[in-house]
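The values are calculated or read from the model by the stated rules, or taken from the named source; none is laboratory data. Everything numeric here is computed off the predicted structure, so don't read it as measured data. Positions of Cβ are backbone-derived with ideal geometry, glycine not excepted, and every protein chain shown enters the neighbour counts.
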Amino acid sequence: MINVETVLQQYIQIPSVSGQEKAAGDFLKNICLSNDLYIADFGDKDGQYNFAASVFPLSSGKPNIVFLNHIDVVPESKSEAREPFSGTIENGVIYGRGSIDNKGAALMQLYGILSLMQDTDLSKSPYNITMLSVSCEETQCSGGVSYVIENHINELNPTVVFGEGPSELTTLMEGDFKHPVFGISIIHKKLLWLELELETKTSGHGAVTPVTYANKELVAALERLTSKKAKIVFNDINTKFFKDIGQYHKGAKKMVLKHPRFFKPIFSSQLKTRPELFSLLTNTITLTNIYSNSKVVNKLASIAWARLDCRLLPNTNEEEFLTMIKKTLDNENIKIKVLKTSPKNKASNPETIYYKNLTLAIQDTYKKSTTMDILMPNVNDLGAFRAKGIPAYGTLPVFFGLEEVRSVHGDDEHLHLNSLYSGAKVYYNFLRRMIQ
Ligand SMILES: [Zn+2]
C-alpha cells in the first residue's frame, strides 16, 4: 500500500505545467501499475498524456465508475514565499503547486480506490472502478479530456464521472450553519472567448492627433461594454441554491434568500460585493487583454485588439449574447471573432444512485453533514462528459479555509494532510456503498 503523503510529495516535485505532463504522468502511472491496477494509455506525449488505471481491465466491459483528475498545473506565481514545487511538509500542511489542484485531489481518489482493494473482495463487483488522469485541463487543449472522449469513450464505458468541484461550503460563507454543507456541482457555466479587432485607415506619426484612430475607438467601445451592468438571470439551479442557503439565515436575510426573484432589487445590491456569488446569477464579461500593432510610442497603431473572457449561464443563447455585445460596443468596424467555446453542458440529475451514495458517503465521513447541488462558475473537464449525456459530479469532499482556497492558482498552494485522508475516506465509503 502506498504512503500517500510521500507519493503526493514526489508527484508535486515533478513540475507539470500544462503541455508538459509526461514526466509527472509516468510517475503516477507507475504507482498505479505497482499497486495492481490495469493501465490503458490514451496518448503518451506531452500535451496529450492520458491514462486510465482500473480495478478490472477495460476489456471486462463493466460499467465504469470514473474518478477524473488532471496531471497539469498552472505555472508558479511570482510572489511565492516557498519553492513552488517543493512538496515540503510543515506542521501537517503540504506545500507546492498542485497540492490541491489537482494532484492532491487525484491522490484522494487513488488512495480511496487502493484502500477499498485492500480490504474488500471486489471479484463480484458489478462495476469497474477507474482513475482517469488527463493532460491540460487548465488550458483546455485538444489533447486532454476531449481527445479521450473522442477516441476512447466506448472503451472507457463511464457510467458516472466524478471530478473537480466545490469543497465544504459553510467555512466559506456567512450564515448560521449548524452542520457542514458540502457542495456537489451538477453543471458549470459555458466558456466563450472572444477577440475584438478594429482596423482604421489612420496610421502615422503620434504628433498629429487624428479625429479618430483604432486605439481611441476601441477603448471607447470597451468602456461602454465593461461599464454595462450585468443582468441578473434566475434559473432553476441558482434559485434553488439561494433558497437552500436561505434556510441557514435568520430574519429578513432568510426571507430575501428564500425568495430571490421577488426580492431581486435588495438581493442584487447585497450580492454586488460578492463576485463569487454574483457570478452564479450573471453572464460575466472580463476584459483580459488589450494590444495593438504598434510597439513605439510616437507611431499610431492601425489595428487594435482586445480579448474577452465571457462565462455564460448554462441556458444562455450564444447568438443573442453576441448580438448584445455588438450592440453595446456600438461600433460597426469592430470585428468579433469567437476564439473558443465550451460544449453544450446539460445539468446532471441529482436524483441518481451515484449522487445519493455520494451524499451518504459524505455523511458517513462527516457526521450530520448535508449536500447541496450547485452551479460552478468555472469551466472544467466534467462538462465534456455531461455533453455526452454521462452523469458527472464535481466535488472535493474536504474542509477548506478561505486561505487554502485562495492558494489554488495563487501563492503557496497548500493542503492540510488530514484532508488527504478524509477526502480519500469519502471515496472509499462511496465505493463501498456502490458495490454492496
Ligand atoms: Zn484543476
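Some points to look at:
- Test: residue in segment 173-192 that is out of contact with any Cys (no Cβ under 7 Å at 6 or more places or on another chain) and under 22 Å from GLY47 (Cα atoms): yes
- Residue that is nearest to the ligand (Cβ to nearest atom), among those in segment 85-95 that are outside any strand (DSSP E or B) and touching a Phe, Trp or Tyr at 6+ places or on another chain (Cβ under 9 Å): GLY87
- Applying the condition of being surrounded by fewer than 15 Cβ atoms within 10 Å (Cβ to Cβ) and in contact (Cβ under 8 Å) with a residue 24 or more places away in the chain to segment 257-279 and asking which residue is nearest to the chain's Cα centre (by Cα) yields GLU276.
- Taking segment 101-140 as the range and being of a type in the set (Val, Ile, Thr), at pLDDT 95 or above and within 15 Å of the ligand (Cβ to nearest atom) as the test, only VAL134 passes.
- Residue satisfying all of: in segment 371-381; crowded, with 18+ Cβ neighbours inside 10 Å and more than 14 Å from PRO314 (Cα to Cα); nearest to the ligand (Cβ to nearest atom) among these: ASP381
- For segment 287-324, taking the residues that are more than 16 Å from THR202 (Cα to Cα) and either in contact with a helix residue (DSSP H, G or I) (Cβ under 7 Å, 6 or more places away or on another chain) or outside the structural domain of LYS228 (by TED's automatic domain parsing) (or both), the one that is surrounded by the most Cβ atoms within 10 Å (Cβ to Cβ) is identified as ALA306.
- Only one of the numbered conditions (1) at positive phi; (2) buried (at least 23 other Cβ atoms within 10 Å of the Cβ); (3) assigned to a strand (DSSP E or B) is violated by GLY98, and that is (3).
- When the helices (runs of 4 or more DSSP H) confined to segment 212-320 are screened for residues that are over 28 Å from LYS344 (Cα atoms), those reaching at least 2 such residues are found at 214-226, 251-258, 264-271.
- Count of segment 153-198 residues which are more than 16 Å from the ligand (Cβ to nearest atom) and not in a strand (DSSP E or B): 17
- Residue match in segment 58-77 (condition: over 20 Å from LEU396 (Cβ atoms), out of contact with any strand residue (DSSP E or B) (no Cβ under 7 Å at 6 or more places or on another chain) and modelled with pLDDT under 95): yes
- Subset tally (residues that are under 24 Å from the mean Cα position of the chain (by Cα), exposed (fewer than 13 other Cβ atoms within 10 Å of the Cβ) and of a type in the set (A, V, I, L, M, F, W, C)) for segment 211-245: 0
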